[in-house]
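Here the structure comes first, spelled out in structure tokens, and everything after it is commentary.
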Amino acid sequence: MLAAQRIRSSSAFSSTIRFLQLWNRGVFVHGHALSSSTAGSPDKSLLDLKEVETILNKVKADDVKVIPVRKDCDWADYMVFATGRSTWHVKNIAQALIYQIKQKQKGARQLVLPSVEGQEEGKWIVIDSGKVVVHALDENARSYYNLESLWSTETPPDDSAQDLDRALVKIRPKNNSKKKPTQKTP
């Protein structure tokens, strides 16, 4: 029994060492080991931007917007926002991207899938394919969350100074008393 326990602990230790060696070499993306076909690539992305744009064009995603975020975050180079006309269309956008990733890795020993969130409800689905993160939203969710404004480098016109000036203007209330103001005589 003690020998079996020793073997288990040594194999767990060696697998931990192997994991750390792979991690240090940058062979992991989002907690998954990359297949041999993508492990050597410098960008460690399951789909590149051109492939994402092609897929979104094929599935007729509306209002596609690409925002470079390389300066703002270290885990992605581009945020892509696409609108689906219904929950079915939003789910179809996500499925098309996942299908292309699987086709790209055909024949690989180990299949690496992107991180996908929100697929159950279908109002807002996020597909993280490495350096390109795709947000597929229905029209209501896109207008409600307005994610582009969070990542966009375009600065909206600065109306805050005017709003502040208007907010600080003292408005004198109207005198509604029945009593007439008296005039002071000099």
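The values are calculated or read from the model by the stated rules, or taken from the named source; none is laboratory data. These numbers were taken from a predicted model, which means no experiment stands behind them. Positions of Cβ are generated from backbone atoms using ideal geometry, with glycine treated the same way; all protein chains shown enter the neighbour counts.
A few notes on this one:
- Candidates Ile127, Ile67 - the one that is in contact with a Pro (Cβ under 8 Å, 6 or more places away or on another chain) and not small (Gly, Ala, Ser): Ile127
- Scanning the range 123-138 for residues that are of a type outside the set (Asp, Glu), in a strand (DSSP E or B) and out of contact with any helix residue (DSSP H, G or I) (no Cβ under 8 Å at 6 or more places or on another chain) turns up Val126, Val133.
- In the range 123-145, the residue that is surrounded by the fewest Cβ atoms within 10 Å (Cβ to Cβ) out of those that are of a type outside the set (A, V, I, L, M, F, W, C) and without any contact (Cβ under 8 Å) to a residue 12 or more places away in the chain is Ser143.
- For beta carbons closer than 7 Å, sequence separation of 6+ or different chains, a first residue in the range 44-62 that is on the phi < 0 side of the Ramachandran plot and β-branched (Val, Ile, Thr) and a second that is surrounded by fewer than 20 Cβ atoms within 10 Å (Cβ to Cβ) and not in a loop (DSSP other than H, G, I, E, B), the qualifying pairs are Ile55/Ala96; Ile55/Gln100; Val59/Asn92; Val59/Ala96.
- The residue list Glu121, Glu117 contains one member that is of a type in the set (Asp, Glu) and either closer than 27 Å to Lys71 by Cβ or modelled with pLDDT under 85 (or both), which is Glu117.
- Scope the range 69-104; condition of a type in the set (Val, Ile, Thr) and either farther than 12 Å from Leu47 by Cβ or out of contact with any helix residue (DSSP H, G or I) (no Cβ under 8 Å at 6 or more places or on another chain) (or both); matching residues: Val69, Thr83, Thr87, Val90, Ile93, Ile98, Ile101
- Taking the listed residues Lys60, Lys65, Lys104, the one that is touching a Phe, Trp or Tyr at 6+ places or on another chain (Cβ under 7 Å) and among the basic types (Lys, Arg) is Lys65, with no other qualifying.
- Members of the range 106-115 found to be surrounded by fewer than 18 Cβ atoms within 10 Å (Cβ to Cβ) and either closer than 20 Å to Asp62 by Cα or touching a Ser or Thr at 6+ places or on another chain (Cβ under 9 Å) (or both), listed by number: Gly107, Ala108, Arg109, Gln110, Leu111, Ser115
- The one condition in (1) part of a strand (DSSP E or B); (2) surrounded by fewer than 18 Cβ atoms within 10 Å (Cβ to Cβ) that Glu120 fails to fulfil: (1)
- Single condition Glu148 does not satisfy, out of (1) among the charged types (D, E, K, R); (2) surrounded by fewer than 12 Cβ atoms within 10 Å (Cβ to Cβ); (3) touching a Lys or Arg at 6+ places or on another chain (Cβ under 7 Å): (2)
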